[in-house]
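Worksheet: one structure, shown below.
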Amino acid sequence: MIGHMDALPSRIRALRRRQQRTLRDIAERCGFTVSLLSKIESGKTHPPVATLTRIATALGVTLSDLVSEQGERTTTLTSAAELAKLALTPTDKGYGFHLLAAARAAKTMQPFIFVAKRGEVRPGALSHAGEEFVHVLAGRMRYRVGAVTYLLGAGDSLYFDATDEHDIEPITATVRYLAVLSTPPALAPMPALSPPAKAKGA
């Protein structure tokens with residue numbers, strides 16, 4: 001089964017509230033504004049995957065746990081026919097993606113199919129925890145990692161530390177590629193801060 005991302009905003013909000021944590025706490029740990037996180041939780045903006053990875057880390061969960069619905073530790077089939085029926089999930093970065101293997105729970109890696117079109121991807125480097133593998137399926141693009149820009153065509157691949165800033169620029173009208181993100185084991189979420197205890201007799 002392929003995952004649907006419609007419920008993602010409510011999953012982020014519910015997870016944050018279960019941990020009794022504020023928008024400001026999560027936003028500051030992610031390195032972006034409270035306003036942006038509020039828009040993500042309300043579904044008013046469509047963040048790129050790098051932003052979702054930062055949110056997952058701040059919440060103490062893996063990326064796959066954040067974006068996937070509840071599933072089981074089982075073999076998961078994604079058929080080409082099923083994939084062809086689904087619309088891409090858009091992002092404010094300008095590319096779209098398909099979430100793969102959503103039915104598999106507790107994954108140590110999260111695969112995506114990305115589709116980017118020339119002239120539609122907004123420039124701006126991204127970075128997040130973990131490692132990333134990219135394999136081009138069709139088309140050509142420039143893929144920058146750190147200070148080096150790689151020219152990638154169908155069959156080419158990269159493996160890199162996702163903490164290095166990275167960005168893409170499609171060269172052909174459309175580029176389609178597989179990306180597999182592996183995030184570090186999730187840390188236990190930070191507990192909500194309790195108010196300081198009052199001194200006796202106060």
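The values are calculated or read from the model by the stated rules, or taken from the named source; none is laboratory data. Everything numeric here is computed off the predicted structure, so don't read it as measured data. When we count neighbours, we look across all protein chains shown, and the Cβ atoms used for this are built from the backbone with ideal geometry, even at glycine. Calculation scope for accessible area: heavy atoms of the full protein, side chains included, ligands and nucleic acids excluded. Shrake-Rupley method; radii C 1.70, N 1.55, O 1.52, S 1.80 Å.
One line per residue, one yes/no per condition, for (1) of a type in the set (Val, Ile, Thr); (2) more than 20 Å from Ser127 (Cα to Cα); (3) over 14 Å from the mean Cα position of the chain (by Cα); (4) buried (at least 20 other Cβ atoms within 10 Å of the Cβ):
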{"residue": "Ser10", "(1), (2), (3), (4)": "no, yes, yes, no"}
{"residue": "Thr33", "(1), (2), (3), (4)": "yes, no, yes, no"}
{"residue": "Ser38", "(1), (2), (3), (4)": "no, yes, yes, no"}
{"residue": "Tyr95", "(1), (2), (3), (4)": "no, no, no, yes"}
**Item:** Given (1) of a type in the set (Asp, Glu); (2) modelled with pLDDT under 95; (3) assigned to a loop (DSSP other than H, G, I, E, B), index of the condition Asp65 fails
**Value:** (3)
**Prompt:** Could you count how many residues in region 112-142 are open to solvent by 50 Å² or more (accessible area, probe 1.4 Å) and either under 14 Å from the mean Cα position of the chain (by Cα) or farther than 24 Å from Ala87 by Cα (or both)?
**Reply:** 3
**Complete:** When restricted to Ala101, Ala27, Ala58, the only residue among the hydrophobic types (A, V, I, L, M, F, W, C), surrounded by 12 or more Cβ atoms within 10 Å (Cβ to Cβ), out of contact with any His (no Cβ under 9 Å at 6 or more places or on another chain) and at positive phi is Ala101
**Prompt:** Right, Lys198: more than 20 Å from Thr62 (Cα to Cα) and at pLDDT below 90 or not?
**Reply:** yes
**Request:** Please enumerate the residues belonging to region 27-57 that are under 20 Å from Ala162 (Cα atoms) and β-branched (Val, Ile, Thr).
**Result:** Val49, Thr51, Thr53, Ile55, Thr57
